[in-house]
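Heads up: the structure comes next, in C-alpha cells.
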Amino acid sequence: MSAPQEPGCGCKAKPPENIGRRDFLTRATVALGAVIAAALSATGLGYFISPAFQRRDEDWVDLGRAGEFKAGSPALVEFTQRRRDAWVTSERRSSAWVVTADGKNFTAFDPRCTHLGCPYRWDAGSSRFVCPCHTAVFGPDGKVISGPPPRPLDQYATKIAGNRLMILPKAEKKA
Amino acid sequence: MKDCALAAYSWVCERTGLDQVWTALMERHIPEAKGWVGLLYTLGSATMMIFTVQAVTGFLLATNYVPSPDHAYDSVRYIDAAVLFGRVVRGLHHWGASFMVVFAVLHMLRVYFMGSYKYPREATWLAGVGLLLLVLGFSFTGYLLPWDQKAYWATVVGTTIAGQTPVVGAWIANILRGTDGMGAPTLSRFYALHVLALPALTAGLIGVHLFLVVWHGISEPPKRSPGKVP
C-alpha cells in the first residue's frame, strides 16, 4: 500500500543523484551531530541505569580473634555494624551467637528466635539454646528440638580472615 | 516498512503541519556570511546546545544529590567516586556552566558589534539580556551546591555583597540566605532556585527569544557604506 501524497505536504524524499556541496555539508553536519549525541547519550544513559549493574559492598564485621572462641560453649558477641548506603553511613548495634565445635569451623546465629523474634539464651546445663517466650529449644547446630519455631536458627555467613573471625550479619534462612 | 514510515509521517504532517514548521525553523533564509563571520552566527546555537547538555546532566546529577548540609558534600563525592560515568557527567556540568557564560557573552558581543540589536530586534535583545541574567543566576546558585569550602565561602562573599545594598541590604541578604548567616536553608533555597525556578524561567525565555529570532529573521552582517569616511 502506497502512502497518499497530499499536495502541500513535502513528504517526498528526493533520490540522491548528485551530491552537491549543500547536501554534503548537511550530511556531514547530521553525521557529526549524531556522533556527538550518541557519545553524550551513552554517557548519560550509563550513568542513569548503572544501579542495575552495580555491585553492592558486603559489610563483613570483625568479631575478634578466632582462637578466643572456646569449643563447645557458644558466646553471644556484641558488635557494631557499619552499613554504607550510597552517601549515607549508618551504624547499628547488634549481636550474634558464635558456635564452634573444634575451634576451626564457626557458625554464627542470628540472636532472634525464628518463632517470634525473642532473644534466646544458651543453657549450659543441657547444652541447648532455649527461648523464654514460648519454650522453644534449639540444638547447638541450630536445629529445632522442641517448641513452636517453624525453622532452625537463622545463620550468618562466616569466614576466617587472617586469624580473625568475620561474619556477614544478614540472616540466611535455613529451610 | 518504508511505506509505513511514510504513511505515519504523512499522518503527522497533515495534523500538525510539522513539515511547514520544519521549513520555517530549519530551512528559513539567513544572510550570507562567509568564513569566520559565518562562524560568529553559530554562537547562539552553541549556547543553547550547552543549555541542553546542562539540563540533561543536571537532571542526572540531581538523581544522586542531596541539598542538605550533612549529605551534600558526601553525595557529590559519591557521584565522583562510585557512580558509573559520575565524574564525566559532573565534569560536563561543571565545564558546561563556565562555557555557558562564555558563549552567552560572546553571542552578545557579536550582536552588539554587528548592531543586530537595533530596530526591529530590540525585544530579542531584551529577552537575551534576561537570559544572560538567568545564566548568571544559575552560576551563582549552582556554585554553592557542592558544599565544599570554595562553594561555602564564595556564597558567604556573594550574599554579603548583596547585603551591602543601602537601606534594604540586610533584608536582601536574609532573603537570599533564608536565615541569619549561612545554613541549611541557604543550601535548599539555592537548590530550589537552581533546579526549579531558573530552568522554568530560562526555558520560557528561550522560547520567546527563538520565536523573535525566527519572526524577524537574522540581521545581515554590517556592510561598509559606499560613502566617504570623514
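Here are the numbers for this structure:
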read-out: Residue in region A:87-99 that is in a loop (DSSP other than H, G, I, E, B), in contact (Cβ under 8 Å) with a residue 60 or more places away in the chain and on the phi < 0 side of the Ramachandran plot present; value: no
read-out: Residues that are surrounded by fewer than 14 Cβ atoms within 10 Å (Cβ to Cβ) and β-branched (Val, Ile, Thr), drawn from region A:43-57; value: A:Ile49
read-out: Residues located in region B:13-40, provided they are under 16 Å from B:Val213 (Cα atoms) and assigned to a helix (DSSP H, G or I); value: B:Val21, B:Trp22, B:Thr23, B:Ala24, B:Leu25, B:Met26, B:Leu40
read-out: In region B:85-102, the residues that are more than 22 Å from the chain's Cα centre (by Cα) and either loosely packed, with under 15 Cβ neighbours inside 10 Å or at pLDDT below 95 (or both); value: none
read-out: Set B:Ala197, B:Ala104: member being without any contact (Cβ under 8 Å) to a residue 24 or more places away in the chain and part of a helix (DSSP H, G or I); value: B:Ala197
read-out: Residue in region B:48-55 that is among the hydroxyl-bearing types (Ser, Thr, Tyr) and more than 9 Å from chain A (Cβ to nearest Cβ) present; value: yes
read-out: Residue list for region B:58-76, filter: part of a helix (DSSP H, G or I) and more than 7 Å from chain A (Cβ to nearest Cβ); value: B:Gly58, B:Phe59, B:Leu61, B:Ala62, B:Ala72, B:Tyr73, B:Val76
read-out: Residue selected from region A:29-75 under the condition within 14 Å of another protein chain (Cβ to nearest Cβ) and among the polar types (S, T, N, Q), by the criterion nearest to the chain's Cα centre (by Cα); value: A:Gln54
read-out: Test: residue in region B:38-45 that is polar (S, T, N, Q) and either more than 30 Å from B:Ser219 (Cβ to Cβ) or touching an Asp or Glu at 6+ places or on another chain (Cβ under 6 Å) (or both); value: no
read-out: Residues of region A:108-120 classified as surrounded by 19 or more Cβ atoms within 10 Å (Cβ to Cβ) and within 18 Å of A:Gln81 (Cα to Cα), total; value: 4
read-out: Filter pass, B:Ser10 being at pLDDT below 95, part of a helix (DSSP H, G or I) and over 30 Å from B:Gly115 (Cβ atoms); value: yes
read-out: Residue tally, condition in contact with a strand residue (DSSP E or B) (Cβ under 9 Å, 6 or more places away or on another chain) and either assigned to a helix (DSSP H, G or I) or hydrophobic (A, V, I, L, M, F, W, C) (or both), over region A:25-66; value: 4
read-out: Residue ID - nearest to the other protein chains (Cβ to nearest Cβ), chosen from residues in region B:38-47 that are surrounded by 14 or more Cβ atoms within 10 Å (Cβ to Cβ) and over 20 Å from B:Leu133 (Cβ atoms); value: B:Tyr41
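The values are calculated or read from the model by the stated rules, or taken from the named source; none is laboratory data. Keep in mind that this is a model prediction, so the values were computed, not measured. No Cβ is skipped: glycine too gets one built from the backbone with ideal geometry, and neighbour counts run over all protein chains shown.
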